[in-house]
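Input: a single structure, listed below in structure tokens.
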Amino acid sequence: MKEITKNLQKYFATKDGSFIDELNDKDKIIFIKELSNVYFRDHLYGEYRSDNNIILSSGSVNHEVFNIPEALKFFIKYALDRDWYGYSDSRGRLQTRVALASYVNTFFDNEPYNSENICITMGATASISALFEYISKNKIKRSGQKLSALCAVPNYPPLVKSMAQHFDVELVELNDYTEGSISLQPVIEKIKPETPVIFLQTVINPSGKKISENSLADLIAKTSENTLIILDECHECFGEKVFGPSRARKNVIRVNSLSKEFFMPGMKLGWFIADKKFIDGYYEYASSSYGSPASFFYLLIEGLAIFEMHRQKGIELDKKFFSEYDISSEKLDELFRDYVQQINKNSKAVIDNRLFAIKRLKDAGFEVIEPSHSLNILIYIPGTTDSYTVFLDLLHNTGVSVYPGVLSFIFSKPYVRISPNVERSVLENGLNKIINFYNS
């Protein structure tokens, strides 16, 4: 702990993060996670907290502007009125898993999944951390030692730290994370027969750029079934959805949540998709640790999966999916229309705000990485040398918060992330403050 404190003091005193490159991967992970704690706990929502701040760093949306559909609220109320909050299967309710399997099969020609490939979870962060623990216990039992795993960066500090609690983690930088199609070749070159886990985001947060599907297929082909590949697919939204058939391979675990695409981060709901044999083994871990996900929300997830499957296909709602519920045909039609309208409206607003911010920042002379997916935009402000200093300077002088790229393990350039999904006048005001501060 003393070494972490020493490094933090050095960082803030010099406003120079070049020493981070000299740290080994273990110490980098510890330092970046603690810097993330300082950012949220001590600075943004601690010492410098103000109701007047314009938060462009959330990684989410302003929920007063981007509402979830009333149809989904109906499903929550329907379950509440019937007192549906008892114990459940540790994998989640069967009917809900059936609906999720139907939804995820929408993106494949051969329908590779069924309910036995689905495990409902308490959101992506919790499920990925649980997966690391479950896998490490099984691997350690077989090998008797802590094994070296691969983690592609940029990535999310809490998950990287969680991975490091169970494995010796080697950070592998994706050098072209700002490019149109990201290659996984740096990771592929590091794979060994004994590599237990590879963890990566399929759309990079914070750049919003997508991993090349061909490169992902190459990575999967390079691994044996003993190497588990965990794909964080949570940012694969607000852009074209293309999932190659290799994602359905037995050693691939695909993690999703309702946080980004469906604007429900506080509900902590999600699922992962995996081989039946893996899910069967995970059942014992889940039932022995956290029991089951929140059963109260199963109908919400089920209804969303059914509605979204029909929206993606562009077809009318097949009401047989709701045959066991006391909901009239007319009400289901009304709920589905509301769902489609609100989801389409939200998606359009996200993309419109994204395009507005990109144009405004580019016109001001900033370097903007134009995302193909996700809620965020990555920018470089000419003349700046450290991303955390950019955050502090902007917050102190303009009351606008941005997210420092260093917190995503970005060391090569002082990028900062902006999440533009707030009311348009607030966004415009925040962007103007940023631009005026650096261009005045």
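Can you find a residue that is closer than 30 Å to Ser372 by Cβ and in contact with a Lys or Arg (Cβ under 9 Å, 6 or more places away or on another chain) anywhere in region 287-300?
Scanning region 287-300 turns up at least one residue that is closer than 30 Å to Ser372 by Cβ and in contact with a Lys or Arg (Cβ under 9 Å, 6 or more places away or on another chain).
If I filter region 363-370 for residues that are closer than 23 Å to Phe31 by Cβ and touching a helix residue (DSSP H, G or I) at 6+ places or on another chain (Cβ under 6 Å), do I get at least one hit?
no
Would you confirm whether or not region 96-108 contains a residue that is touching a Lys or Arg at 6+ places or on another chain (Cβ under 7 Å), modelled with pLDDT of 95 or more and within 25 Å of His166 (Cα to Cα)?
Within region 96-108 (the criterion being touching a Lys or Arg at 6+ places or on another chain (Cβ under 7 Å), modelled with pLDDT of 95 or more and within 25 Å of His166 (Cα to Cα)), the answer is no, since none of the residues qualifies.
May I ask you to say which residue of Asn155, Asn117, Asn105 is more than 20 Å from Lys26 (Cα to Cα), outside the structural domain of Ser374 (by TED's automatic domain parsing) and in contact (Cβ under 8 Å) with a residue 40 or more places away in the chain?
Details: Asn155 fails: more than 20 Å from Lys26 (Cα to Cα); Asn105 fails: in contact (Cβ under 8 Å) with a residue 40 or more places away in the chain.
Asn117 is the lone residue from the list that is more than 20 Å from Lys26 (Cα to Cα), outside the structural domain of Ser374 (by TED's automatic domain parsing) and in contact (Cβ under 8 Å) with a residue 40 or more places away in the chain.
For the structure I just gave you, tell me whether Ser50 is under 28 Å from Tyr403 (Cβ atoms), polar (S, T, N, Q) and at pLDDT below 95. Step through it out loud before you land on a result.
Details: under 28 Å from Tyr403 (Cβ atoms): yes; polar (S, T, N, Q): yes; at pLDDT below 95: no.
The answer is no for Ser50.
Taking the options Asp42, Asp16, Asp83, name whichever one is of a type in the set (D, E, K, R) and not assigned by TED's automatic domain parsing to the domain that holds Ser425.
One residue alone meets the criteria, Asp83.
Starting from residues that are within 18 Å of Asn421 (Cα to Cα) and small (Gly, Ala, Ser), keep the ones in region 351-375 and report whichever is surrounded by the most Cβ atoms within 10 Å (Cβ to Cβ).
The selected residue is Ser374.
Looking at Glu22, Glu34, Glu47, which one is among the charged types (D, E, K, R) and within 22 Å of the chain's Cα centre (by Cα)?
It is Glu34.
Please find, within region 73-96, the residue that is farthest from Met267 (Cα to Cα) out of those that are free of Cβ contacts under 8 Å to residues at least 40 places away in the same chain and part of a helix (DSSP H, G or I).
Leu94
In the set Val172, Val255, Val160, Val187, which member is under 22 Å from Gly281 (Cα atoms), in the same structural domain as Phe272 (by TED's automatic domain parsing) and either among the hydrophobic types (A, V, I, L, M, F, W, C) or not in a strand (DSSP E or B) (or both)?
Going through Val172, Val255, Val160, Val187 in turn, just one is under 22 Å from Gly281 (Cα atoms), in the same structural domain as Phe272 (by TED's automatic domain parsing) and either among the hydrophobic types (A, V, I, L, M, F, W, C) or not in a strand (DSSP E or B) (or both): Val255.
Within region 19-40, can one find any residue that is in contact with a Phe, Trp or Tyr (Cβ under 7 Å, 6 or more places away or on another chain), modelled with pLDDT under 95 and surrounded by 14 or more Cβ atoms within 10 Å (Cβ to Cβ)?
Taking every residue of region 19-40 in turn, at least one turns out to be in contact with a Phe, Trp or Tyr (Cβ under 7 Å, 6 or more places away or on another chain), modelled with pLDDT under 95 and surrounded by 14 or more Cβ atoms within 10 Å (Cβ to Cβ).
For region 416-440, name all the residues that are of a type in the set (Gly, Ala, Ser), assigned to a helix (DSSP H, G or I) and surrounded by fewer than 18 Cβ atoms within 10 Å (Cβ to Cβ).
Ser425, the sole residue that qualifies.
If I filter region 232-249 for residues that are more than 25 Å from Ser207 (Cα to Cα), assigned to a loop (DSSP other than H, G, I, E, B), in contact (Cβ under 8 Å) with a residue 12 or more places away in the chain and not assigned by TED's automatic domain parsing to the domain that holds Pro371, do I get at least one hit?
Checked against the condition, which is being more than 25 Å from Ser207 (Cα to Cα), assigned to a loop (DSSP other than H, G, I, E, B), in contact (Cβ under 8 Å) with a residue 12 or more places away in the chain and not assigned by TED's automatic domain parsing to the domain that holds Pro371, region 232-249 yields at least one hit.
Let's see how each residue does on (1) under 12 Å from Gly123 (Cα atoms); (2) modelled with pLDDT under 95; (3) among the charged types (D, E, K, R); (4) surrounded by fewer than 24 Cβ atoms within 10 Å (Cβ to Cβ):
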residue	(1), (2), (3), (4)
Gly239	no, yes, no, yes
Val252	no, no, no, yes
Met267	yes, yes, no, yes
Ile273	no, no, no, yes
Ala286	no, yes, no, yes
Ala294	yes, yes, no, yes
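Suppose we filter Lys413, Lys319, Lys348, Lys331 for residues that are free of Cβ contacts under 8 Å to residues at least 12 places away in the same chain, surrounded by 13 or more Cβ atoms within 10 Å (Cβ to Cβ) and of a type in the set (D, E, K, R); which single one remains?
Lys331
Considering only residues that are within 26 Å of Arg82 (Cβ to Cβ), charged (D, E, K, R) and touching a Ser or Thr at 6+ places or on another chain (Cβ under 9 Å), which ones fall in region 311-333?
Result: Lys319, single match.
The values are calculated or read from the model by the stated rules, or taken from the named source; none is laboratory data. For clarity, every value in this text was computed on a predicted model and none was experimentally measured. Every residue, glycine among them, receives a Cβ derived from its backbone with ideal geometry; neighbour counts consider all protein chains shown.
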